[in-house]
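Structure record follows, encoded as structure tokens.
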Amino acid sequence: MALTWKASEFFDETGRIARFAGRFFTMGLKPRYEIKELLNQCFIIGYKSLPLIGLTGLIMGLVLTIQLRPSLTAYGVESQLPVMVGVAIVREIGPVITALIFAGKIGSSIGAELGSMKVTEQIDAMEVSGTNPFKYLVATRIVAATLMLPILTLLGDAISLFGSYIGVNIRSVTNFRLFFWQIFDTLSFGDLMPAVIKTFFFGFAVGLIGCFKGYNSSKGTQGVGSSANSAVVLSSVLIFVIDFLAVQLTDILGLNY
Amino acid sequence: MMVLKNETPALTDPQKSIGEDVIVVEHIFKRFGPNVVLDDFNLVVKKEENVVVLGKSGAGKSVLIKCIIGLLRPDKGRILVFGENVPELSHDELDRIRTKIGFLFQGNALYDSMTVRENLEFPLRRHWIGFSQKDVDALVMEALENVGLTHTVDMMPEELSGGMLKRVALARTMILKPDVILYDEPTTGLDPVTAREIDNLIIKLQRKYQTSSIIISHDMNCVKNTADRVVLLLDGKCYIEGAYEELERSNDEKIKQFFE
């Protein structure tokens with residue numbers, strides 16, 4: 001009985017998210033465009049997330065390198081460390097970790113902000129002022145999240161590789177140019193493009209879920225907290241689901257070799 | 001003249017009502033699940049008239065004005081604002097008619113990420129795209145002058161007191177110089193002195209701009225100060241309507257409980 005109820009709740013929620021996404025494509029992308037607010041959101045979502053993404057990327061590259069070194073040394077392939085770390089970061093770890101950090105920061109922020117606006121009737125006030133709140137608040141945030149995450153991922157990857165370079169140089173001395181030449185010599189179009197393309201979907205998922213949870217927040221401060229929390233949880237799960245589907249697709253297309 | 005619900009005269013012909021009657025609510029029904037909030041409710045508001053809708057908490061007063069401005073859709077019935085049936089209007093038509101209607105929210109609903117100036121500019125920018133910054137600045141300062149808060153123009157809402165927030169919200173409501181203003185419990189949560197100031201502001205601005213108003217309230221001082229006519233909303237219906245003094249003298253138990 002409880003299982004049936006859970007399943008029904010799951011399908012109900014999925015349906016509502018799908019309808020919300022449908023509304024974004026039918027209403028949110030039509031003129032009048034809120035260009036000023038979109039640029040403002042790009043600044044908030046993109047530029048203001050950069051320090052956090054950069055810091056986590058740097059640590060991720062550093063730690064990954066230090067952790068991998070003993071295993072590679074054991075097999076006598078320590079020289080392949082830059083290649084291994086580079087491929088891992090660019091193809092998988094960089095996009096997924098950046099998206100998860102992004103979901104934690106931006107998903108919760110959007111969920112809480114819109115939830116709070118809903119509870120304090122600011123969304124109604126906006127509608128009364130002749131503004132379509134769905135376009136002004138939702139569409140701009142979803143588009144900004146979709147556009148900013150790929151850029152942040154590329155920057156995060158670059159900083160991560162720099163962290164890896166520092167990690168390599170803790171125990172040995174490697175030339176900066178040689179280190180990056182080794183990485184870029186190994187990486188191909190098939191490594192980079194699927195990784196970049198899937199980050200657009202990650203960004204869309206984070207923006208969509210954050211807006212959905214905030215826009216449909218129930219009354220009260222507890223509702224706002226719950227919106228922020230469930231926005232992070234659901235968008236994180238969605239990131240893994242999208243990643244799994246993307247890997248399956250690239251495998252079918254033969255891009256994983 | 002005090003009129004009991006079952007004596008309510010037949011509503012005027014909508015064609016005939018245009019001009020004289022600003023808002024005509026005809027036989028509206030609204031329910032949320034099994035809870036019937038408005039049950040065949042009728043109301044007419046005339047030009048430059050202040051109508052107070054009185055009722056207990058949860059009686060459906062806020063639902064009524066949200067239906068009038070199109071934030072909620074009634075299940076049945078017509079709501080004519082300047083002769084146009086609000087529930088049947090498209091989004092663009094609603095936006096057009098909303099320029100003539102101001103709405104003061106119970107919790108003020110000021111945008112907390114914007115300064116007072118930006119809060120007041122927001123509706124102007126949405127409706128009057130062609131206006132220069134100089135015109136916008138002049139209108140913002142005029143609106144703030146009306147409520148005596150020009151010095152708060154660059155402050156954030158969090159820096160203002162409850163009474164000041166209400167006055168800024170009132171300034172934002174008035175900035176497009178609407179013909180009709182809907183007040184959702186304008187004095188709730190304010191001390192008696194500030195509440196009286198808000199009442200006086202409502203009357204002052206109504207006289208200055210010749211607006212019609214629907215004021216939702218259960219603050220009897222506010223009702224007494226602002227009402228030309230009082231409508232008592234009970235069990236989703238218009239139980240009685242009349243002047244404040246007439247209702248105050250009534251011996252009906254359901255009416256008396258509001259005046260005790």
From phi via Karplus (6.51, -1.76, 1.60), per-residue ³J(HN,Hα) for region B:49-62 in Hz, x at Gly/Pro: 9, 9, 10, 9, 9, 9, x, 5, 4, x, 6, x, 5, 5
Cα gyration tensor shape of region B:54-120, rounded if a/c is under 1.5, else prolate or oblate by comparing a/b with b/c: oblate
Nonlocal amide H pairs with B:Leu234, under 5 Å, H built at 1.01 Å: B:Tyr239
Exposure proxy ranking, count of Cβ atoms within 10 Å, fewest first, for A:Trp181, A:Trp5: A:Trp5, A:Trp181
Percentage of interatomic Cα-Cα distances in region A:168-257 larger than 22 Å: 53
Selected from A:Asp12, A:Asp243, A:Asp191 as most flexible by GNM, with chain A as the system and alpha-carbon contacts under 10 Å: A:Asp12
Along each principal axis, Cα extent of chain B, largest first, Å: 54, 41, 36
Size of region A:49-252 as Cα extents on the principal axes (Å, biggest first): 67, 34, 25
Under-5 Å amide H pairs with B:Val37, H placed in peptide plane, nonlocal only: B:Lys30, B:Arg31, B:Phe32
GNM result for chain B, Cα springs below 10 Å: residue of B:Val168, B:Val193, B:Val230 fluctuating most strongly: B:Val193
Kirkwood hydrodynamic radius of the protein assembly as shown, from inverse mean 1/r over distinct Cα pairs, in Å: 26.4
Length-normalised contact order of chain B in % [C-alpha pairs under 8 Å, at least 6 apart]: 28
Rg/Rh (Cα only; Kirkwood hydrodynamic radius) as it applies to region A:102-143: 1.01
Gaussian network model of chain A, Cα within-10 Å springs - most flexible of A:Met60, A:Met148, A:Met193: A:Met193
Environment charge at A:Thr174 (Cβ cut-off 14 Å; Lys +1, Arg +1, Asp -1, Glu -1): +2
Order of A:Asp157, B:Asp75, B:Asp199 - criterion: other Cβ atoms within 10 Å of each residue's Cβ, fewest first: B:Asp75, B:Asp199, A:Asp157
DSSP bridge pairs, the protein assembly as shown: antiparallel proportion in percent, nearest 5: 55
Computed helical MRE - 222 nm, the protein assembly as shown, DSSP H runs ≥ 4 contributing -39500 (n - 2.57), nearest 500: -18000 deg cm²/dmol
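No lab work stands behind these numbers, since they all come straight from the coordinates. Note that the structure is a prediction, hence the values are computed from the model and not measured. Cβ: placed from backbone, ideal geometry, glycine included. Neighbour counts: every protein chain shown.
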